[in-house]
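Step one of this worksheet: look at the structure below.
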Amino acid sequence: MHLYTKLKPHRKRSGFTQEGLAFLVGDKKHSAISRYEAGDRRPDLRTAVAFKVLFASDLRELFPGVHAQVSAEIAERARALSEQIRSQGGGRRAGYKLRMLFRLQREGLDGGI
């Protein structure tokens, strides 16, 4: 699955080669950086956080494709869960959950999670 990333422009602006960036994030192969930049491979959580630290950017900015995909998936699941909670009734806790689920749906549709 190809996922849109903005790693390459950040790397180029920083002046690092793929080899240098691979070393900094702790990856033994610079070819992994090429695959991350092309969106052909997803970094693990540790590597994604390393990119965040190195480039002082949030993950939404570095990986907008993954961010949009996850936001949409969460929004859809939040919609399904809110329907389930409404059908079961529930009280004060249900009200809090529904408000949170509504926010997740709204932000997910706007791409803002």
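The values are calculated or read from the model by the stated rules, or taken from the named source; none is laboratory data. This one's a predicted model, so the numbers in the text were calculated from it and none came from an experiment. Using ideal geometry, Cβ is built from the backbone for each residue, glycine included, and neighbour counts are taken over all protein chains shown.
Residue by residue, here is whether (1) basic (Lys, Arg); (2) modelled with pLDDT under 95 holds:
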residue: LYS28; (1), (2): yes, yes
residue: ALA50; (1), (2): no, no
residue: TYR96; (1), (2): no, yes
residue: MET100; (1), (2): no, yes
residue: GLY108; (1), (2): no, yes
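Quick check on segment 42-58. Is at least one of its residues of a type in the set (Val, Ile, Thr), within 30 Å of GLY108 (Cβ to Cβ) and surrounded by 15 or more Cβ atoms within 10 Å (Cβ to Cβ)?
Yes - at least one qualifying residue is present in segment 42-58.
Can you name every residue in segment 5-44 that is out of contact with any Ser or Thr (no Cβ under 7 Å at 6 or more places or on another chain) and at positive phi? If the condition is that a residue be out of contact with any Ser or Thr (no Cβ under 7 Å at 6 or more places or on another chain) and at positive phi, then GLY15, GLY26 are the ones that fit.
For segment 1-40, taking the residues that are over 20 Å from HIS67 (Cα atoms) and of a type in the set (Asp, Glu), the one that is farthest from the chain's Cα centre (by Cα) is identified as GLU19.
With segment 39-99 as the region, which helices (runs of 4 or more DSSP H) entirely inside it contain at least 1 residues that are closer than 15 Å to ARG11 by Cα and touching a residue at least 12 places away in the same chain (Cβ under 8 Å)?
Per the criteria, 45-55, 59-62.
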